[in-house]
Amino acid sequence: MTSPERRVALGVTVLSGLVLAVLAAVLVPWDPVPGGPLPAVDPGAVLTPEQIERAERFASRTDPWSHLSLAVRVLLACLLGLTRRGRAVFARLPGPWWAGVVLAVALFEVVLRVVTLPFAVLVRRQLLAYGLSTQSWPTWALDLVKGEAVDIAVGSVALLLLIGCARRWQRAWPAIAGSVAALLVVVGSFVYPLLVEPLFHDFEPLPDGELRTQILQLADEEGVDVDEILVSDASRRTTTLNAYVSGIGGTRRVVVYDNLVADQPPEQVLSVVAHELAHARHGDVVIGTVLGAAGTCFAIGLLGLAWGAARRRGVATTGPAVVPLVLALYLLAMLVSSPVQNGISRQLELRADVDALRATGDPEAFIELQRQLAIRSLADPTPPAWERLWFASHPTVLVRIALAERVGSGQE
């Protein structure tokens with residue numbers, strides 16, 4: 001790596017790292033729970049012994065396969081990207097450099113998917129056995145194919161951008177690629193609800209009626225402009241209950257699962273919607289997008305620093321041979337940063353819970369909803385601490401119920 005290129009990469013890393021730290025400090029609610037530390041409630045006060053045992057048994061039959069699948073995926077990615085023999089396979093891909101890059105991304109993703117497919121099948125068998133999935137095997141397989149196609153498309157665009165910039169601007173490429181990649185993260189938040197979500201679900205507007213009127217009234221009281229209230233056909237795939245908010249600006253939408261609307265009382269549906277409206281009011285999608293953009297720029301700066309080391313070891317950094325290296329490093333970075341990402345997510349979720357409880361004034365409905373969510377999804381009420389730290393994007397049901405009890409009692 002030339003000295004100017006190293007200086008640019010170092011500058012991008014330092015600057016984007018500082019921006020990321022400042023944004024996280026300012027935008028993330030690090031103390032969203034009123035009244036200080038929040039001890040979880042006793043699981044026996046929320047769930048029956050049979051429900052707890054069933055959830056723990058389900059976790060014991062699915063979590064090991066999921067964790068093993070992740071371990072195999074990471075190990076295989078390292079073998080493909082961090083070893084000379086692995087990269088040599090990709091170096092022999094035919095065609096011009098840009099075609100080779102797309103082929104390399106596709107080969108990398110398909111190999112990882114095929115090798116870890118048995119674990120996905122084992123987990124799905126448990127989902128069927130415990131009644132959590134309503135999806136047929138053919139439609140499940142089709143969703144896998146769609147997911148792989150999306151991953152390959154996104155990965156190809158990202159790698160073409162990265163390698164194209166490195167080929168065109170040999171000194172300044174980390175700054176240029178980092179800036180463009182950050183912009184693409186923002187664009188992705190706009191287009192994801194329009195291009196990706198419809199690949200997996202059909203959406204219909206929530207019909208006119210009392211529930212829609214109540215939701216619009218709640219949104220008006222919370223000062224949230226609701227672009228769309230949509231119902232997803234989630235029951236074709238799962239029996240679990242959920243809702244979410246996605247998109248930015250004109251593509252923002254609140255989506256509720258059809259089985260949530262059909263199976264739960266209106267006050268519990270309103271509790272879920274109030275939570276999602278809180279996300280919208282605080283701009284949590286925007287916060288996640290901004291942090292993601294800064295994090296992407298930071299990652300490219302780090303990659304720029306590693307680029308020279310790879311080049312000195314004989315890795316061709318302007319063609320398909322570098323693709324498995326970049327993707328392996330990306331996978332490792334995502335794994336290492338998961339506690340931070342999920343820690344931020346949990347704080348945002350707690351803030352939305354607090355706002356939802358205050359907006360509805362109905363902690364009993366919130367508590368019952370959390371019980372139903374835990375029962376329907378067979379969520380382990382007391383997962384291991386390391387698992388919560390690394391993989392949990394939401395607080396546990398016991399923490400959320402403790403929050404509802406505190407807010408409901410006025411001990412804020």
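The values are calculated or read from the model by the stated rules, or taken from the named source; none is laboratory data. The shown structure was predicted, so the numbers you read here are calculated from the model rather than taken from an experiment. All Cβ positions, glycine included, derive from the backbone under ideal geometry; neighbour counts span all protein chains shown.
For this structure, a couple of remarks:
- Candidate set from region 167-197 (those that are among the aliphatic types (A, V, I, L, M) and farther than 21 Å from A294 by Cβ); member that is modelled with the lowest pLDDT: L194
- Taking residues in region 78-96 that are touching a residue at least 24 places away in the same chain (Cβ under 8 Å), and partners anywhere that are of a type in the set (F, W, Y), the pairs with Cβ atoms closer than 9 Å and at least 6 places apart or on different chains are L80/F90; L80/F108; G81/F90; G81/F108; F90/F108.
- Among the residues making up region 193-242, those that are within 24 Å of G283 (Cβ to Cβ), surrounded by 14 or more Cβ atoms within 10 Å (Cβ to Cβ), in contact (Cβ under 8 Å) with a residue 40 or more places away in the chain and among the charged types (D, E, K, R) are E197, E222.
- Flag not set for V322, criterion: among the aliphatic types (A, V, I, L, M) and either at pLDDT below 90 or over 23 Å from A172 (Cα atoms) (or both).
- Residues of region 25-46 classified as modelled with pLDDT of 95 or more and not in a loop (DSSP other than H, G, I, E, B), total: 3
- Considering region 349-401, and only residues there that are over 23 Å from G283 (Cα atoms) and among the basic types (K, R), the residue that is modelled with the lowest pLDDT turns out to be R376.
- Condition check for A374: part of a helix (DSSP H, G or I) and either closer than 15 Å to A274 by Cα or acidic (D, E) (or both): no
- Residue satisfying condition, being in a helix (DSSP H, G or I), basic (K, R), farther than 30 Å from P96 by Cβ and out of contact with any helix residue (DSSP H, G or I) (no Cβ under 8 Å at 6 or more places or on another chain), within set R346, R351: R346
- Considering residues of region 251-268 that are more than 23 Å from the chain's Cα centre (by Cα), within 14 Å of R212 (Cα to Cα) and not charged (D, E, K, R) only, the residue surrounded by the most Cβ atoms within 10 Å (Cβ to Cβ): Q268
- Scanning region 142-185 for residues that are in contact (Cβ under 8 Å) with a residue 12 or more places away in the chain, closer than 17 Å to R311 by Cβ and among the basic types (K, R) gives R167, R171.
- Of all the numbered requirements in (1) at pLDDT 95 or above; (2) of a type outside the set (A, V, I, L, M); (3) surrounded by 18 or more Cβ atoms within 10 Å (Cβ to Cβ), G81 misses one, and that requirement is (1).
- Strands (runs of 3 or more DSSP E) fully within region 206-300 counting 2 or more residues that are at pLDDT 85 or above and farther than 20 Å from I344 by Cβ: 229-232, 253-257
Yes or no, residue by residue, for (1) within 21 Å of the chain's Cα centre (by Cα); (2) farther than 28 Å from A293 by Cβ:
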residue	(1), (2)
L199	yes, no
Q214	no, yes
G223	no, no
T239	yes, yes
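- Every pair of residues 6+ apart whose Cβ atoms lie under 8 Å, when the first sits in region 299-318 and is surrounded by 15 or more Cβ atoms within 10 Å (Cβ to Cβ) while the second is among the acidic types (D, E): G304/E5; W307/E5; G308/E5
- Residue within region 47-55 that is assigned to a loop (DSSP other than H, G, I, E, B) and out of contact with any Gly (no Cβ under 8 Å at 6 or more places or on another chain) present: yes
- Inclusion of L75 among residues that are under 30 Å from G295 (Cβ atoms), part of a helix (DSSP H, G or I) and not aromatic (F, W, Y) is warranted.
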